[in-house]
Amino acid sequence: MFIISLTYIKPLEEVDTLLEDHVDYLKEQYSLGNFLASGRKVPRTGGIILARGASREEIETIIALDPFYRHHVAEYEITEFSPTMTTNELVFLRE
């Protein structure tokens, strides 16, 4: 399991020009089963994605497809973790 933290490095006006493509990218990753949850940081300085993948390298390959990454409007921090406790609704995430 991975937490991907995006931090915008360009003005929001530039980020917003890529937002529709970024949302399409997110939808594709959800349909492939790679992403479990995502959303904006508050205040809007970036976003968070909860992802699953076989390895950090796989997650890096998936991130490389993001228009925000390809157009250098965000930096990415990847944190891998092993969920051992969850609510009953999220038991499928436990390893």
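Restrict the check to the stretch 15-36 and report whether at least one residue is among the charged types (D, E, K, R), touching a helix residue (DSSP H, G or I) at 6+ places or on another chain (Cβ under 7 Å) and either surrounded by 13 or more Cβ atoms within 10 Å (Cβ to Cβ) or touching a residue at least 60 places away in the same chain (Cβ under 8 Å) (or both). Looking for residues that are among the charged types (D, E, K, R), touching a helix residue (DSSP H, G or I) at 6+ places or on another chain (Cβ under 7 Å) and either surrounded by 13 or more Cβ atoms within 10 Å (Cβ to Cβ) or touching a residue at least 60 places away in the same chain (Cβ under 8 Å) (or both), one finds at least one in the stretch 15-36, hence yes.
Scanning the stretch 71-81 for residues that are more than 12 Å from the chain's Cα centre (by Cα) and either among the aliphatic types (A, V, I, L, M) or surrounded by 13 or more Cβ atoms within 10 Å (Cβ to Cβ) (or both) turns up His71, Val73.
Looking at Arg52, is it basic (Lys, Arg) and either in contact with a Ser or Thr (Cβ under 8 Å, 6 or more places away or on another chain) or without any contact (Cβ under 8 Å) to a residue 40 or more places away in the chain (or both)?
Values: basic (Lys, Arg): yes; either in contact with a Ser or Thr (Cβ under 8 Å, 6 or more places away or on another chain) or without any contact (Cβ under 8 Å) to a residue 40 or more places away in the chain (or both): no.
Answer is no for this residue.
Considering the stretch 37-62, the residues that are buried (at least 17 other Cβ atoms within 10 Å of the Cβ) and of a type in the set (A, V, I, L, M) include one that is nearest to the chain's Cα centre (by Cα), namely Ile49. Kindly establish whether Leu12 is modelled with pLDDT under 95 and exposed (fewer than 15 other Cβ atoms within 10 Å of the Cβ). No.
The values are calculated or read from the model by the stated rules, or taken from the named source; none is laboratory data. Here the structure is a predicted model, which means the values were calculated and not measured. We place every Cβ from the backbone using ideal geometry, glycine too, and count neighbours over all the protein chains shown.
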